[in-house]
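The values are calculated or read from the model by the stated rules, or taken from the named source; none is laboratory data. Since we're looking at a predicted model, the values are computed, not measured. Glycine gets a Cβ as well: all are built from the backbone with ideal geometry, and neighbour counts include every protein chain shown.
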Amino acid sequence: MAALDDLLNAIFDGEKPPLYAEFEAWARESRRFKAFATAYASKIRAKRKNVRDDAGMQDLRAELNTAAILLRDERFTLEYERYAALKQRGPDFTATFKTNLLVNVEVRRMRGVELEASSDDAWIGKLSAVLCDKVGQMPPSILNLLWLTGERAVSESDITRAVITLRQLAERKDEVYFTRRGFENAADFLRQYRHLSGIVLHQPDAITLWVNPLARHTPPPELVNAIRRL
């Protein structure tokens with residue numbers, strides 16, 4: 001008990017923001033999450049203190065909840081913001097699956113303002129923009145998964161439509177669309193798009209995994225099944 005109290009005090013400084021109760025429950029229920037949180041207590045504390053609003057707190061919650069979910073399976077171990085330590089832009093987590101398979105996991109919470117699309121086409125447009133942004137964070141020589149979560153369920157058909165939209169924009173060489181989002185041109189987007197191995201769709205009642213058929217590194221079946229069973 002004392003060790004958990006010390007961990008909570010180290011991260012929350014005696015305060016009890018909305019995240020506190022869930023974080024405490026995750027740490028009580030999982031020795032592996034507690035060990036992860038202990039190892040990264042300083043980082044989690046700093047991120048919490050840098051939160052400026054409720055949306056930022058919800059983003060942090062999404063990251064930590066993802067860690068808690070992944071650590072349910074003892075075949076996963078996690079590093080938190082490995083690339084930040086190397087002064088590089090990269091995904092939130094680097095997981096090791098079964099001691100030898102590395103996979104990056106970038107968490108993206110779909111915020112309320114993005115979910116309030118005026119039409120189905122507008123929703124797909126917003127989802128396409130999110131995918132376009134996150135592709136730029138994926139290193140080339142490793143499996144990379146984008147973990148999407150939020151109040152609105154994202155379906156595999158939504159992902160398929162968003163991907164088709166992006167590929168059509170690239171094939172039409174809509175250079176402005178991609179240069180505005182940090183790519184050199186449409187061809188640069190298509191090259192980096194192959195770094196995305198798949199997209200995890202985290203919903204309250206299920207976790208599904210969409211696999212990118214054009215990925216340079218394709219998730220092996222055992223990893224796909226492990227994620228779907230979390």
**Study point:** Residues that are touching a His at 6+ places or on another chain (Cβ under 8 Å) and closer than 15 Å to I199 by Cα, drawn from the range 140-170
**Key:** I142, L143, N144, W147, L148, T149
Review point. Is it fair to say K173 is within 17 Å of the chain's Cα centre (by Cα) and of a type in the set (K, R)?
Key: no
**Study point:** Residues within the range 4-23 that are touching a residue at least 12 places away in the same chain (Cβ under 8 Å), more than 16 Å from R72 (Cα to Cα) and not in a loop (DSSP other than H, G, I, E, B), tallied
**Key:** 8
Review point. Picking from L196, L169, which residue would you name as being within 17 Å of S128 (Cβ to Cβ), outside any helix (DSSP H, G or I) and either touching a Cys at 6+ places or on another chain (Cβ under 8 Å) or among the hydrophobic types (A, V, I, L, M, F, W, C) (or both)?
Key: L196
Practice item. Look at G90 and say whether it is within 29 Å of A162 (Cα to Cα) and not in a loop (DSSP other than H, G, I, E, B). Key: no
Exercise for review: Sort through A162, A215 and tell me the only one that's in contact (Cβ under 8 Å) with a residue 12 or more places away in the chain, more than 19 Å from R109 (Cβ to Cβ), in contact with a Leu (Cβ under 7 Å, 6 or more places away or on another chain) and not aromatic (F, W, Y).
Suggested key: A215
Point to revise | Matching option when the condition is at pLDDT below 95 and over 11 Å from the mean Cα position of the chain (by Cα), among R109, R72, R82 | key: R82
Exercise for review: Please specify each residue of the range 134-157 satisfying the condition of being assigned to a loop (DSSP other than H, G, I, E, B) and of a type in the set (G, A, S).
Suggested key: G136, S141, A153, S155
Review point. Looking at (1) out of contact with any Asp or Glu (no Cβ under 8 Å at 6 or more places or on another chain); (2) surrounded by 14 or more Cβ atoms within 10 Å (Cβ to Cβ); (3) without any contact (Cβ under 8 Å) to a residue 40 or more places away in the chain; (4) not aliphatic (A, V, I, L, M), which is the only condition N185 fails?
Key: (1)
Review point. Only one of (1) surrounded by fewer than 17 Cβ atoms within 10 Å (Cβ to Cβ); (2) assigned to a helix (DSSP H, G or I) fails for A162. Which number is that?
Key: (1)
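Residues of the range 40-56 being assigned to a helix (DSSP H, G or I) and out of contact with any helix residue (DSSP H, G or I) (no Cβ under 6 Å at 6 or more places or on another chain), which ones?
Across the range 40-56, the qualifying residues are S42, K43, A46, R48, K49, N50, D54, A55, G56.
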Point to revise | Exclusive hit being of a type outside the set (A, V, I, L, M, F, W, C), on the phi > 0 side of the Ramachandran plot and surrounded by fewer than 20 Cβ atoms within 10 Å (Cβ to Cβ), set K49, K34, K87 | key: K87
